[in-house]
Amino acid sequence: MPKRSIAIFASGSGSNAEKIAEYFAGRTDIEIALILSNNPKAGVIERARRFHIPVLLFDRTGFYQTDQVTSLLQKQGIDLIVLAGFMWLLPASLVQAFPNRIVNIHPALLPKFGGKGMYGHFVHEAVVAAGEAESGITIHFVNEQYDEGQVIFQANCPVEPTDSPDEVARKVQVLEHRHYPRVVDEVLQRLG
Ligand code: GRF
């Protein structure tokens, strides 16, 4: 079985990218070949450096006006693209070039609290404001719409009436770090 290659996209801190790197460290069948970011100040860059994972930075023009990123991923033989806190909508050409080979994690129980503008703290504030009794994570395949691809996995956590958005964010992050690496591994095993 050829070695499988993952590319991770991240725009922010990169704690999920780090958990995925830790999880696959030492594996001979799967490697994280590349970490890509649209943010030169993203915390994920320093984390990638610690794991000796190459980083590619790109800007809006390169991402949306050219097929630089898509063709580079194809040339590198990337098997699975993992979005971990990547803020931009993927161009249709990239989604079409990697059918059922792009996954994302969303910090809520989709289809609720998803879509454009629903990211990071805005999600947890909306969950608390709605008086939800639970929240959680959703891992899904990526299509050309925000947060609408086929759901692969969900896990939930209770939300107490006294919980602040920060508290909900903390509980949700525990679920992300516990499940995302394992689900990525399962998706890769199923790629066949
Ligand atoms: C996570 O909450 C993830 O669900 C969302 O973006 C956040 C990224 O966090 N899509 P980090 O950069 O991995 O710490």
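Numerical summary
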quantity: Within region 4-190, percent of DSSP bridges classed antiparallel, to nearest 5; calculated: 40
quantity: Ranked Ile139, Ile78, criterion: other C-beta atoms within 10 Å, fewest first; calculated: Ile78, Ile139
quantity: Likely footprinting exposure, Val159, Val142, fewest C-beta neighbours within 10 Å first; calculated: Val159, Val142
quantity: Under-5 Å amide H pairs with Gly85, H placed in peptide plane, nonlocal only; calculated: Ile105
quantity: Over the chain, relative contact order from alpha-carbon pairs under 8 Å, at least 6 apart, %; calculated: 20
quantity: Under-27-angstrom lysine pairs by C-alpha in the chain, whenever the two are 8 or more apart or on separate chains; calculated: 12
quantity: Under 5 Å, built H, 5+ apart or other chain: amide partners of Ile102; calculated: Ile81, Val142
quantity: Likely footprinting exposure, Phe86, Phe122, fewest C-beta neighbours within 10 Å first; calculated: Phe122, Phe86
quantity: Helix 165-190 vs. the chain, principal-axis angle (Cα, 0 to 90°, nearest 10); calculated: 40
quantity: Dipole-positive endmost among Gly62, Thr28, Ile6 within the chain (Cβ charges, Cα centre); calculated: Thr28
quantity: Span from the region 11-47 Cα centroid across to the region 51-106 one, whole angstrom; calculated: 13
quantity: MRE, 222 nm, helices only [DSSP H, n ≥ 4, -39500 (n - 2.57), over the chain, to nearest 500]; calculated: -11000 deg cm²/dmol
quantity: For region 136-151, 3J(HN,Hα) per residue [Karplus equation, 6.51 cos²θ - 1.76 cosθ + 1.60, θ = phi - 60°, Hz, x = Gly/Pro]; calculated: x, 10, 10, 10, 9, 6, 9, 10, 8, 10, 4, 6, 10, x, 4, 6
quantity: Per residue, the convex hull volume that the Cα atoms of region 38-190 enclose (Å³); calculated: 120
quantity: Fully extended contour minus Cα-Cα distance, from Ala129 to Gln189, at 0.36 nm per residue; calculated: 17.7 nm
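Every read-out reported here was derived from the displayed coordinates using simple, explicitly stated rules and does not represent laboratory data. Model, not experiment: these values are computed from the prediction. As a convention, Cβ positions derive from the backbone with ideal geometry for all residues, glycine included, and neighbour counts pool all protein chains shown.
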